[in-house]
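Notes follow once the structure below has been shown.
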Amino acid sequence: MNNLQVNLVWNNFGIDNSNNSILPSGLNCLQRDTPCFIGSPHQSSFAVDSGGSRPIRGSDNSIYEPDDASLPVASYYVTNSTRWGVSNIGRFMDSANGSYIIYTSRRFTNTLDSELFQTARMSPSSLRYFGIGLKNGMYSVVLQFAEIFFPDDQTWKSVGKRIFNIYIQGDLKETDFDIKKQTNGKSYTAVQRQYTVEVTNNVIDIHLFWAGKGTCCIPEQGFYGPSISALSVSSYDSNGEGDPGSQRNSTSSRTGLVVGVVVCVAILGFLALAGAIVWRQKRRRLEVEMEELFSIVGRPNIFSYGEMKSATDSFSDSNILGRGGYGPVYKVGYISNKIKQL
């Protein structure tokens, strides 16, 4: 019994100020019914780079806090700022990786934040993240995954499978979640899952649980079970206030709309300008051709209808000289040419 290790996270122990000091640091914040800051929340968002060793600003403008604490067997960790905590239950038998964190220097596809995916936290059985002291309300939860241990080549090592369930606030969100299955068998490819959940007691519970499915020992011991690269949580209400993600989406939508309108106006303006240039070129070409013709045959005399009517005495029959193929030909007075009435 000397080696017994028990994880007391997310239980219902009655904890008050008199016995709070004898508990391990942060445990009082990870109790089911009496978490820290209950009734007096101090935040509405947080983000974690699982396995990371330094803060990273993501493309969503969130600051992802490092999460590189060693969590063997049955253990937990709560940040000094008491913003969030993480808990692990389970042990990889005969595994050389005692910290349950995996690393890679590879670049990742399907993401703008490749560095976030170069580390990941694993668990043999149960991996939980808790947001502490959150304001009650609706929240957006974004979980980010990538398979970095099982290769996607044609060797026997690629047949390893990582399958686990995802719970948030105790509700089952994903059953038999397989990271590589989401990417059509590709490794080093980012996968994102987003959920909307409600916080009612100032804490959020994100639980990744291995239910005994998948492989345990391919390509080696100690690399099965749930794995996550990063996560972010942000609150929002009906108008998006207090939700950085909603505000970013709203800003992005407005920016996209403005860019779309500007592009459309620019295209229409370009087409109108091009049309005007083509029309002027055709008109100029026609004028040049007519000038060349007039230089050869002479420029025709053009008379108005009033002038012709006056010169023929209102097209009087007494002025008819004869008839042509298109009508009578009239004699005119002061106009030298003969006029044919059509």
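Figure legend. Inter-residue proximity from segment 177-190: first residues in the same structural domain as D152 (by TED's automatic domain parsing), second residues surrounded by 18 or more Cβ atoms within 10 Å (Cβ to Cβ) and of a type in the set (D, E), beta-carbon distance below 6 Å, spacing 6+ or different chains. Indicated pairs: I179/E147; K180/E147; S187/E147.
Answer yes if at least one residue in segment 144-154 is of a type in the set (A, V, I, L, M) and assigned to a strand (DSSP E or B), and no otherwise. No, because not a single residue in segment 144-154 is of a type in the set (A, V, I, L, M) and assigned to a strand (DSSP E or B). Selection over segment 117-146 of residues that are at pLDDT 95 or above, closer than 17 Å to T104 by Cα and buried (at least 23 other Cβ atoms within 10 Å of the Cβ) gives a count of 6. Is it fair to say D171 is acidic (D, E) and surrounded by 18 or more Cβ atoms within 10 Å (Cβ to Cβ)? It is false that D171 is acidic (D, E) and surrounded by 18 or more Cβ atoms within 10 Å (Cβ to Cβ).
For (1) among the aliphatic types (A, V, I, L, M); (2) part of a helix (DSSP H, G or I); (3) modelled with pLDDT of 80 or more; (4) exposed (fewer than 10 other Cβ atoms within 10 Å of the Cβ), each residue gets a yes or a no:
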{"position": "L208", "(1), (2), (3), (4)": "yes, no, yes, no"}
{"position": "Q221", "(1), (2), (3), (4)": "no, no, no, no"}
{"position": "S234", "(1), (2), (3), (4)": "no, no, yes, no"}
{"position": "G245", "(1), (2), (3), (4)": "no, yes, no, no"}
{"position": "T251", "(1), (2), (3), (4)": "no, yes, no, no"}
{"position": "L257", "(1), (2), (3), (4)": "yes, yes, no, no"}
{"position": "C264", "(1), (2), (3), (4)": "no, yes, yes, no"}
{"position": "I267", "(1), (2), (3), (4)": "yes, yes, yes, no"}
{"position": "L271", "(1), (2), (3), (4)": "yes, yes, yes, no"}
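Of the residues making up segment 38-79, those that are over 22 Å from Q144 (Cα atoms) and not in a strand (DSSP E or B) are I38, G39, S40, P41, H42, P72, V73.
Taking each residue of segment 108-123 that is among the charged types (D, E, K, R) and looking for partners that are crowded, with 21+ Cβ neighbours inside 10 Å and part of a helix (DSSP H, G or I) with beta-carbon atoms closer than 6 Å, six or more apart or interchain, yields nothing.
Each row is one residue, and each column tells you yes or no for (1) among the β-branched types (V, I, T); (2) touching a Ser or Thr at 6+ places or on another chain (Cβ under 9 Å); (3) not assigned by TED's automatic domain parsing to the domain that holds S53.
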| residue | (1), (2), (3) |
| --- | --- |
| T111 | yes, yes, no |
| L116 | no, yes, no |
| G133 | no, yes, no |
| L143 | no, yes, no |
| D171 | no, no, no |
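Taking the criterion of being modelled with pLDDT of 95 or more and either assigned to a loop (DSSP other than H, G, I, E, B) or among the small types (G, A, S) (or both), the residues of segment 188-206 that qualify are Y188, A190. Selection of segment 80-134 for residues being in a strand (DSSP E or B) and of a type in the set (F, W, Y) yields W84, Y103, Y129, F130.
The values are calculated or read from the model by the stated rules, or taken from the named source; none is laboratory data. All of these numbers come straight from a predicted model, not from anything done at the bench. Counting neighbours? That spans all protein chains shown, and the Cβs are built from the backbone with ideal geometry, glycine included.
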